[in-house]
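Chemist: Here it is, the structure, as structure tokens.
The values are calculated or read from the model by the stated rules, or taken from the named source; none is laboratory data. It should be emphasised that the depicted structure is a prediction, and the values quoted were computed from it without experimental measurement. Here the Cβ positions follow ideal geometry from the backbone for every residue, glycine too, while neighbour counts run over all protein chains shown.
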Amino acid sequence: MDYSASRKRAQAAEDSLDLSEPVSLSSIQAHLEAMNGRRIIIKPIQGTPTDKVCGLWFGLDETDLILHAKAASEVHRQQIILHEFAHMILRHEQEDLPHDYAKTFFPDLAPERVVSALKRTDFFDELEVTAELLADRLASRIRRSKQRPDMQPGNFGAVFG
């Protein structure tokens, strides 16, 4: 695997986003929703059929759904979500999802509404490495935004409007 090429792809993808400061998880989500014309819902996974799943990106008929495993900290939760956002940004292809797999996560949802999914299970293929590198870059942007003294704190707008 060519890590240098993955790093370059991650940097180019971040640069192409043209994110406005301050950058936060919610501002990245809003940016992606506007860019893709689809609402993104983020929820914790209540139980998985395998312990290898950290995050899942499901393409529903009109919505993108990101499920994340229980995280040890808010930073870890954010990283899982940023990784799934990175797959969206990098335009990684989702797989068609068998109805049996969809029923595991959505027992009350009509299986035809769950169209496709991208699962994060293997950290060593090029798509996963590039997505993780982009997630790291986005996390760094969030941290830098919170540390800038000339800007409002990251959650100022949410608290005070």
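Chemist: Looking only at region 46-69, decide whether some residue is under 29 Å from residue 16 (Cα atoms), at pLDDT below 65, loosely packed, with under 15 Cβ neighbours inside 10 Å and touching a Lys or Arg at 6+ places or on another chain (Cβ under 8 Å).
Modeler: Within region 46-69, not a single residue is under 29 Å from residue 16 (Cα atoms), at pLDDT below 65, loosely packed, with under 15 Cβ neighbours inside 10 Å and touching a Lys or Arg at 6+ places or on another chain (Cβ under 8 Å).
Chemist: Restricting to region 1-31, and then to whatever is touching a Leu at 6+ places or on another chain (Cβ under 9 Å) and closer than 18 Å to residue 68 by Cβ, can you tell me which residue is surrounded by the most Cβ atoms within 10 Å (Cβ to Cβ)?
Modeler: My answer is 28.
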